[in-house]
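Novice: Let me begin by handing over the structure; questions about it come next.
The values are calculated or read from the model by the stated rules, or taken from the named source; none is laboratory data. On a predicted model such as this, the values are computed, not experimentally measured, just so you know. Note that we place each Cβ from the backbone using ideal geometry, even for glycine, and neighbour counts take in every protein chain shown.
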Amino acid sequence: MFMANYLKPTGDDKCMPAGFFLLLIFSLLCLFLPAQAQYSRLVAGEGNVYFENGQPARLRGISFSWSIWGGAKYYNPAIVDELADAFKCNVIRVSMAVEPADGYLRDPELQWNRITPVIDRALERGIYVIMDWHDHHADKNVKEAMAFFDRFSARYASSPLIIYEIWNEPERIDWKIVKAYAERLIPVIRKNDPENLIVVGSSSWDQDIDIVAKDQLTGFDNIAYSFHFYASEPHHQENLRNRATTAIEAGLPVFVTEWGVGEANGDGAFDPEKNKTWMTWMEKHQLSWVNWNLTDKKETTALLKPGAPVNGSWKKSNLSPSGLYIRQHLRRLNR
């Protein structure tokens, strides 16, 4: 009766309609509801990936390493919290190993149980998740990829924060092979998830996007294309940037799902000037990007020094030069 009619303050104040009272409660509750409901699905558009309101998404974050070897120990929810709180990541990439020992082909349940707690925690924190089929030879493992993405999309289709990366870095093969693979995989995902962003690779380790721009997939909605580079690699400089710019200007929706501060082998030089040039280029084109990689291997692109705690709470002394560099830029750009 109280809420159905009026609030009756004492004194000479006028009665307050119950509708106003309910609206006030609803507004206050919205402040404390989980943030995920307020997040936008990503949309592939002219040269980029956008939020549903038409603004470039400009997501920036970190890629977990292969979900085997030394990187496996960092696949836990506490690391997601560390990346969200200390690094200010708004996207992570889950790089599920496929072909190597202990990868998905050998032990699917091991990999499933390793990646899902990380993904679940990221979604709880309102962080976008790229599900990366981390396989250089996905065209040889089509049935396994189809089975995985069927199961994965059935579980996560309801979240607008999910991104499907269906083939990591096809090697030196014809784009037609990559395209044919995508044409088989996409319907499997779309059966369960008709809307979320799907990212398709290109030949030459996701660098031939200028070729893709001339022969894009047709008949599917919300498809973007991955572009990879290593900022200090001598062969990944002006010519590669120009090719990527050509693709963007042709309207190809581009997402930098992997880049590293070092050379293409993950090690080698860390050239600050070359990194600055690439960073400036990505910001100029308002691209979303994910940096490789979260592991403590003694290697240039590893973000952690050997022995960094497996549950986060890292001190600056636990971060490698690349880790310090990426942390600084993420905290500045994702404010």
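Novice: Anything in region 171-208 that is among the aromatic types (Phe, Trp, Tyr) and either within 17 Å of HIS134 (Cα to Cα) or touching a Pro at 6+ places or on another chain (Cβ under 9 Å) (or both)? List them, or say none.
Specialist: Kept after step one, since they are among the aromatic types (Phe, Trp, Tyr), are these residues of region 171-208: 175, 181, 205.
Across region 171-208, the qualifying residues are TYR181, TRP205.
Novice: On the given criteria, is VAL94 buried (at least 16 other Cβ atoms within 10 Å of the Cβ) and touching a helix residue (DSSP H, G or I) at 6+ places or on another chain (Cβ under 8 Å)? Give the derivation first.
Specialist: Details: buried (at least 16 other Cβ atoms within 10 Å of the Cβ): yes; touching a helix residue (DSSP H, G or I) at 6+ places or on another chain (Cβ under 8 Å): yes.
So VAL94 passes the test.
Novice: Suppose we filter region 256-294 for residues that are surrounded by fewer than 24 Cβ atoms within 10 Å (Cβ to Cβ), touching a helix residue (DSSP H, G or I) at 6+ places or on another chain (Cβ under 9 Å) and of a type in the set (Val, Ile, Thr); how many remain?
Specialist: 2
Novice: Tell me yes or no: at least one residue of region 165-172 is closer than 17 Å to VAL49 by Cβ, in contact (Cβ under 8 Å) with a residue 60 or more places away in the chain and within 17 Å of the chain's Cα centre (by Cα).
Specialist: Looking only at region 165-172, we keep the residues that are closer than 17 Å to VAL49 by Cβ, and these are 165-166.
From what's left, in contact (Cβ under 8 Å) with a residue 60 or more places away in the chain: 165.
Within this subset, residues satisfying the condition of being within 17 Å of the chain's Cα centre (by Cα) are 165.
Looking for residues that are closer than 17 Å to VAL49 by Cβ, in contact (Cβ under 8 Å) with a residue 60 or more places away in the chain and within 17 Å of the chain's Cα centre (by Cα), one finds at least one in region 165-172, hence yes.
Condition check ((1) crowded, with 22+ Cβ neighbours inside 10 Å; (2) modelled with pLDDT of 95 or more; (3) in the same structural domain as TRP314 (by TED's automatic domain parsing); (4) under 26 Å from ASN318 (Cβ atoms)) across all residues:
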site: ASN76; (1), (2), (3), (4): no, yes, yes, yes
site: GLU82; (1), (2), (3), (4): no, yes, yes, yes
site: CYS89; (1), (2), (3), (4): yes, yes, yes, yes
site: GLU109; (1), (2), (3), (4): no, yes, yes, no
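Novice: Starting from region 266-279, take each residue that is among the polar types (S, T, N, Q) and list its partners that are surrounded by 17 or more Cβ atoms within 10 Å (Cβ to Cβ), counting only C-beta distances under 8 angstrom and pairs at least six apart or across chains.
Specialist: So the pair list comes out as ASN275/ALA231; ASN275/SER232; ASN275/VAL261; ASN275/TYR325; THR277/ALA231.
Novice: Quick check on my filter: what residues within region 156-187 are among the hydrophobic types (A, V, I, L, M, F, W, C) and surrounded by 18 or more Cβ atoms within 10 Å (Cβ to Cβ)?
Specialist: LEU161, ILE162, ILE163, ILE166, TRP167, TRP175, VAL178, ALA182, LEU185, ILE186, listed by residue number.
Novice: What number of residues in region 42-74 are part of a loop (DSSP other than H, G, I, E, B) and either touching a strand residue (DSSP E or B) at 6+ places or on another chain (Cβ under 8 Å) or surrounded by fewer than 17 Cβ atoms within 10 Å (Cβ to Cβ) (or both)? Outline the logic, then answer.
Specialist: First, pick out the residues of region 42-74 that are part of a loop (DSSP other than H, G, I, E, B): 42, 46-47, 51-55, 57-59, 65-68.
Then drop every residue that is not either touching a strand residue (DSSP E or B) at 6+ places or on another chain (Cβ under 8 Å) or surrounded by fewer than 17 Cβ atoms within 10 Å (Cβ to Cβ) (or both), which leaves 42, 46-47, 51-55, 57, 59, 65-68.
Number of matching residues: 14.
Novice: Another one. Could you give every pair whose Cβ atoms fall below 6 Å, whose first residue belongs to region 226-251 and is in a helix (DSSP H, G or I), and whose second residue is not hydrophobic (A, V, I, L, M, F, W, C), counting only separations of at least 6 or pairs across chains?
Specialist: ARG243/ASP210; THR246/ASP210; ALA247/ASP210; ILE248/GLY47; ILE248/HIS285
Novice: Quickly run through region 258-274 and pick out the residues that are in contact with a Gly (Cβ under 9 Å, 6 or more places away or on another chain) and not in a strand (DSSP E or B).
Specialist: From region 258-274, those in contact with a Gly (Cβ under 9 Å, 6 or more places away or on another chain) are 260, 262, 266, 268-271; that's our starting set.
Residues satisfying the conditions are GLY262, GLY266, GLY268, ALA269, PHE270, ASP271.
Novice: Being over 17 Å from SER40 (Cβ atoms) and either touching a residue at least 40 places away in the same chain (Cβ under 8 Å) or β-branched (Val, Ile, Thr) (or both) narrows it down to one residue among PRO160, PRO117; which is it?
Specialist: PRO117
Novice: Across region 141-167, what is the number of residues that are among the polar types (S, T, N, Q) and touching a helix residue (DSSP H, G or I) at 6+ places or on another chain (Cβ under 8 Å)?
Specialist: Residues in region 141-167 being among the polar types (S, T, N, Q) and touching a helix residue (DSSP H, G or I) at 6+ places or on another chain (Cβ under 8 Å): 2 in total.
Novice: What are the residue pairs meeting all of these: first residue in region 188-211, first residue crowded, with 18+ Cβ neighbours inside 10 Å, second residue among the charged types (D, E, K, R) and in a helix (DSSP H, G or I), Cβ atoms under 6 Å, and 6 or more apart or on different chains?
Specialist: Filtered contacts from region 188-211: VAL188/ASP150; ASP210/ARG243.
Novice: Within region 133-151, is even one residue surrounded by 16 or more Cβ atoms within 10 Å (Cβ to Cβ), within 23 Å of ALA44 (Cα to Cα), touching a Ser or Thr at 6+ places or on another chain (Cβ under 8 Å) and assigned by TED's automatic domain parsing to the domain that holds CYS89?
Specialist: The answer is yes, given that some residue of region 133-151 is surrounded by 16 or more Cβ atoms within 10 Å (Cβ to Cβ), within 23 Å of ALA44 (Cα to Cα), touching a Ser or Thr at 6+ places or on another chain (Cβ under 8 Å) and assigned by TED's automatic domain parsing to the domain that holds CYS89.
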